[in-house]
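What follows is one structure encoded as structure tokens, with my remarks underneath.
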Amino acid sequence: MISKPLRVLVVQDDFRVGQRLAREICACGEIVVGPFSTVDEAMRQVDSVHAAILDLSVHDEDALCVADRLMHSDVPFVFVTARGAGDIPARFDGHRAYPKPRHAAPLLDDLHRQHRTRAARHDDDPKLVVVEMLERSRMIMPDPASAERLVEAALLRAVAQSVESGIPPRFRFWLMGLLDDEIGQKSRHLQ
């Protein structure tokens, strides 16, 4: 399976280090957003990225507010720092701190691992699965109300089946299969 390139935010106060990281990230097939040397510039880009490499300290500011926003948005990130990892607050325990300067490859490996972990976790998130079901049915049905009825029918079947035999381990696959069954039944009635 070929994955899409990650849009990687680079926040780095040292111009040369930032440019080198950007070149290495591009050479690995990813898309660089930045590098930015201020927290303000970085904050404006947070919503447009898949991952981030953050210098812990940029021009007498710390990048922790950027990290907080990324964490709140469930975007993977790592720190690079000339200071020790002990300067990073405990709330960021799941995010590694790499010594600076650092080549991009191990940072990208870490970001891809975090991204895969999040993707697997979201695969069975009921809210995200229902949103996906709605999007899929809206592409097929002629109006939003009929699309919602289609999803409702699939969810009612899911509730009935789960009462009888529990929820299967591949939750998303199961719900999307029930939606496909409903779509098949509706298309037979329309013919």
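What follows draws every value from the coordinates through simple rules; no lab data is involved. A quick note: this is a predicted structure, and the numbers were derived from the prediction, not measured. For neighbour counting, all protein chains shown are included, and Cβ atoms are generated from backbone atoms with ideal geometry for every residue, glycine included.
Side notes on the structure shown:
- Those lysines that a straight Cα-Cα span of less than 30 Å connects to LYS4, excepting residues fewer than 8 apart in one chain: LYS100, LYS127
- In sequence order, the range 143-148 has phi-based couplings of 8, x, 5, 5, 5, 5 Hz under the Karplus curve 6.51 cos²θ - 1.76 cosθ + 1.60, θ = phi - 60°, and Gly or Pro positions carry x.
- Taking amide H as placed 1.01 Å from N in the peptide plane, the amide H of ALA51 sits under 5 Å from that of ARG7, LEU9, each at least 5 places away or on another chain.
- Rg over Rh [alpha-carbon atoms, Kirkwood Rh] for the range 7-121: 0.91
- The range 7-121: antiparallel DSSP beta bridges as a percent of all, rounded to 5: 10 percent
- The listed peptides 23-31, 4-12, 164-172, ordered by packing as a protection proxy, come out as 4-12, 23-31, 164-172 (highest mean of other Cβ atoms within 10 Å first).
- Under 16 Å of direct C-alpha separation, and excluding same-chain neighbours fewer than eight residues apart, LYS186 reaches these aspartates and glutamates: ASP143, GLU148, GLU152.
- Computed Rg/Rh of the range 126-190, alpha carbon atoms with Kirkwood Rh: 0.97
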